[in-house]
1. Let me know the longest stretch in the chain that avoids all GluC sites (Glu not before Pro) found in a DSSP loop with at most 15 other C-beta atoms within 10 Å.
2. Can you figure out the FRET efficiency of Glu31 with Val97, using R₀ = 22 Å and their beta-carbon distance, to the nearest 0.05?
3. Most fluctuating residue of Lys74, Lys61, Lys32 in a GNM of the chain with Cα springs under 10 Å: which is it?
4. Taking θ = phi - 60°, what integer Hz values does the Karplus form 6.51 cos²θ - 1.76 cosθ + 1.60 yield along segment 131-143, in sequence order, with x for Gly and Pro?
5. Can you work out the Karplus-derived ³J(HN,Hα) for every residue in segment 10-19? Use 6.51 cos²θ - 1.76 cosθ + 1.60 with θ = phi - 60°, whole Hz, and x for glycine or proline.
6. Compute the signed sum of charges (Lys and Arg +1, Asp and Glu -1) over the other residues within less than 14 Å, Cβ to Cβ, of Lys188.
7. Within 10 Å of each candidate Cβ there may be at most 12 other Cβ atoms; applying that plus a DSSP loop requirement, which trypsin sites (Lys or Arg not before Pro) in segment 175-208 survive?
8. For a label point 7 angstrom out from the Cα of Ser175 toward its Cβ, which stretches of segment 32-54 have the backbone nitrogen within less than 16 Å?
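Where a number appears in this text, it was derived from the coordinates with a stated rule and is not lab data. The model shown is predicted, which means the values in this text are computed figures rather than measured ones. Virtual Cβ from ideal backbone geometry, glycine too; neighbours counted across all protein chains shown.
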Amino acid sequence: MHKWFVYKEFDQAAKAAADFMAGIIEGSLQEKDICHIALPGGNTPKSCLTYLADKKLPWDKVHWYLGDERCFPKGHPERNDVMLEKYLWSKISDTHVYRIPAEKGAEAAATAYRDVVSEFDCFDLVFLGLGEDGHTASLFPDNAALADTRSVIPIYHSPKPPSERVSLSVATLKSALNRVVLVNGNEKAAVIAQIKKNEPLPINCVGDIFWYADEAAVSLAI
């Protein structure tokens, strides 16, 4: 079941999500001395990642991946790895970062990244985003990619530009030990209400999630 943590202000939710992620990292390192984390793009995670970067953790034992990437050239401002570099990776030391080579095109990049994630059993934590249509990573409603069971999959005909992307699959997200979503604002309230009604949105297909939200985001939820 989803677990919900609701805060009056978004900044409180972002700090709490960062604390949650730090706890997962510490637990994983205690158990096996390594931690594999997949991260989202978008604007919502930025403050949370900034708080996470301030934590005093053994970053050299954390391995970072992307939940999805947009098929743009390297360094393009709308690539997810550009945001992550700015708000997290550039602020911590000894990073192990595994970027999706989306500049190669969806199929070639997915094939290459499949080899990368095959090196370990599952993600310890996947930090996911949420779209107003219920999509997560680059898994959009009614897209054929939802049925692709390979670990990393090419995405075509995305309703949001660019039309070609690369994403971890539903199967890979489901196999993760933990999933977390940070959400805020009235614009997400309608989809949160749908999620709480267990409607078959992509975000409801990836397993149980730890949700960190502000009050505005859950204002329409029953």
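1. Formally, the longest exposed-site-free interval is 133-222.
2. 0.45
3. Lys32
4. Each residue's phi maps through the Karplus curve to give x, 5, 8, x, 7, 9, 6, 10, 9, 9, x, 6, 8 Hz.
5. Using θ = phi - 60°, the values come out as 5, 4, 5, 5, 5, 5, 5, 5, 5, 4 Hz.
6. Around Lys188, the charge tally is -4.
7. Lys197
8. Counting only backbone N, you get 36-38.
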